[in-house]
């Protein structure tokens, strides 16, 4: 009797697995193709970095701007210019603090820290792309600095992933060659 029950459980489990695989494949197939990245982002050579408004009292004056500027300069992809009129793109950086939600019984993260970066067309001031990176809070100054640096690195990586076109994958050689 136990053997028949065991075989039945295995058959039911296998049937469930086999039925869910086509559903998962159907969900993957229905995802839309990636939308195009604005051409200005892919072709821009000169960037003006704008020190956007930051609303945090704990920030060292211009720290976010200075750190982002230094990161972009060390990357070397863009010529950083001193006037928006000379730029192909404007990168507007912000460091914002706002009150988050509290969970039941008043627990939760009441303060949220984030970097916001806008990539703008300098001629029209239209936002071409936007990024947000959370900066984890901390009690100790050293940890806060580490979290700030890590979030800044993530933000720069976000910019790199959008502004650098994917490398062309070479065609595979024909079999037997």
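Taken together, the values in this text are just the output of simple stated rules run on the coordinates, not laboratory data. All values derive from a computational prediction rather than experimental measurement. Glycine also receives a Cβ, built like all others from the backbone with ideal geometry; neighbour counts cover every protein chain displayed.
Annotation: extensible slack from residue 139 through residue 43 equals 30.3 nm (criterion: 0.36 nm per residue apart, minus Cα-Cα distance).
Here 124, 163, 64 are placed in order of increasing Cβ neighbour count within 10 Å, fewest first, which gives 124, 163, 64.
Taking label points 7 Å from Cα along the Cα-to-Cβ direction, residue 33 and residue 111 give a separation of 4.7 nm. Projecting label points 7 angstrom from Cα along Cα→Cβ for residue 162 and residue 80 puts them 1.9 nm apart. Placing a pseudo-label 7 Å from each Cα along the Cα-to-Cβ vector at residue 98 and residue 63 gives an inter-label distance of 2.1 nm. Per-residue packing, averaged as other Cβ atoms within 10 Å, sorts the ranges 86-98, 67-79, 133-145 into the order 86-98, 67-79, 133-145, beginning with the highest.
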